[in-house]
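Worksheet for the structure shown next.
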Amino acid sequence: MSESHQHHLLKQLSDGSFHSGEELAQQLDVSRTAIWKQIESLRSIYHLEIHAVRGRGYRLASPLELLDARQITEALSMQQRKILGQLQVHISVDSTNSHLKKQMLQGIDSGSACLSEYQSAGRGRRGRGWVSPFGCNLYLSLYWRFERSMTEIGGVSIAVGTVLARALSEQAANVALKWPNDVLVDGKKIAGILVDVQGAADGPVDAVIGIGVNLHLPAHASRQIDQPWTDLQKQADKTVPRNQFAARLLGELLDAMQLFQRHQLSSFIPRWRQYDLYHGEQVTLFHPRRKIRGVHKGIADDGSLLLEVNGKLCRFQSGEVSLRGA
């Protein structure tokens, strides 16, 4: 089946009610055997729990809110729609960042975004995987062309972090930022950022900004995560509408990239400091070749980390170090 057929099948099943194989086959103009094979594929590839009952048909164990490009676009402001390029919503990609990078080579507009229900090879920083179960979290990437030099966009992940923190703070308490690009609630990771850049040293620079947010992590997926984690459903004690949250986040991100293009980090530094998790605390920085202990003194105006080591204030650039509580 094509992706459009697969999407139609999932849309029919998304209400959690029973649908007969004959009904589904007629809607898609395929055989009942083809429906059965596709159901088996959804189970094996995406780990979806689909019940099959003779005489009643198929149903998902729990309803799903599938992402809807039209619904997301309509929820944006008029100004945000003007900034938005193409909005793509997929059933599955390797990763939204990788997919947009391929599209970028074919000439898509700056401001184009990609969402996917599932990532077969989701990526985090430093080559780590990003656990990406089907239809329950948010995997979003935005392509933006900056008319600035490579050094001038070095703090873009800091700006994106403030956007994420503010959006999550509307749903949960105790949201914090861990330099350079992790978002936590009660000290547990709830979201992350991955920025891929390419271009000339003196600009322009093409950036693909990837965001992963844990909205609701099922048990089978959470067992694959090797660090403390949480999700928005646990924190908000309710189901957060995915399309509503996706539109809120995408709109804020579009606004933020326009602001960053004009003023770089100056508008975002005060916002970051509101959420800075370790400011004033003893921390350990894990450098590729050594560990550095010191007092976290916040971030500089260019987004680099300020660390007091043996009475001396040192700077560390994003991408070179990771940060953990001492």
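The values are calculated or read from the model by the stated rules, or taken from the named source; none is laboratory data. As the structure is a computational prediction, the values presented were derived from the model and not from experiment. Don't worry about glycine lacking a Cβ; one is built from the backbone with ideal geometry, like all the others, and counts go over all protein chains shown.
Observations on the structure shown:
- Only one entry in Ile108, Ile39 is under 30 Å from Glu147 (Cα atoms), free of Cβ contacts under 8 Å to residues at least 40 places away in the same chain and either in contact with a helix residue (DSSP H, G or I) (Cβ under 6 Å, 6 or more places away or on another chain) or among the β-branched types (Val, Ile, Thr) (or both), namely Ile108.
- Some residue of the range 27-39 being outside any loop (DSSP other than H, G, I, E, B), of a type in the set (D, E, K, R), out of contact with any strand residue (DSSP E or B) (no Cβ under 7 Å at 6 or more places or on another chain) and more than 29 Å from Ala246 (Cα to Cα): yes
- Residues of the range 229-252 that are touching a residue at least 24 places away in the same chain (Cβ under 8 Å) and either basic (Lys, Arg) or more than 23 Å from Asp186 (Cα to Cα) (or both): Arg242, Asn243, Gln244, Ala247, Arg248, Leu250, Gly251, Glu252.
- Residue match in the range 1-23 (condition: outside any helix (DSSP H, G or I), of a type outside the set (Val, Ile, Thr), within 30 Å of Ile108 (Cα to Cα) and touching a Leu at 6+ places or on another chain (Cβ under 9 Å)): yes
- Consider the range 48-79 and keep the residues that are among the charged types (D, E, K, R) and touching a Lys or Arg at 6+ places or on another chain (Cβ under 8 Å). The one that is surrounded by the fewest Cβ atoms within 10 Å (Cβ to Cβ) is Glu49.
- Restricting the range 228-243 to residues that are assigned to a loop (DSSP other than H, G, I, E, B) and within 18 Å of the chain's Cα centre (by Cα), the residue that is modelled with the lowest pLDDT is Pro228.
- Check on Arg289, outside the structural domain of Pro180 (by TED's automatic domain parsing), part of a loop (DSSP other than H, G, I, E, B), without any contact (Cβ under 8 Å) to a residue 24 or more places away in the chain and of a type in the set (D, E, K, R): yes
- Of all residues in the range 80-125, those that are among the hydroxyl-bearing types (Ser, Thr, Tyr), in contact with a Phe, Trp or Tyr (Cβ under 6 Å, 6 or more places away or on another chain) and surrounded by fewer than 19 Cβ atoms within 10 Å (Cβ to Cβ) total 2.
- Ala246 meets all of the listed conditions (1) surrounded by 12 or more Cβ atoms within 10 Å (Cβ to Cβ); (2) in a loop (DSSP other than H, G, I, E, B) but one, namely (2).
- Hey, Asn174 at pLDDT 90 or above and out of contact with any Leu (no Cβ under 6 Å at 6 or more places or on another chain) or not: yes
- Residues (aliphatic (A, V, I, L, M) and surrounded by 23 or more Cβ atoms within 10 Å (Cβ to Cβ)) located in the range 141-162: Leu142, Ile153, Val156, Ile158, Ala159, Val160
- Filter result for Gly192 (in a loop (DSSP other than H, G, I, E, B) and either modelled with pLDDT under 95 or not assigned by TED's automatic domain parsing to the domain that holds Gln88 (or both)): no
- Flag for Ile45 being at negative phi, at pLDDT 90 or above and either in a helix (DSSP H, G or I) or surrounded by 15 or more Cβ atoms within 10 Å (Cβ to Cβ) (or both): no
- If you go through the range 79-101 and keep only what is small (Gly, Ala, Ser) and closer than 19 Å to Trp130 by Cα, you end up with Ser92, Ser95, Ser98.
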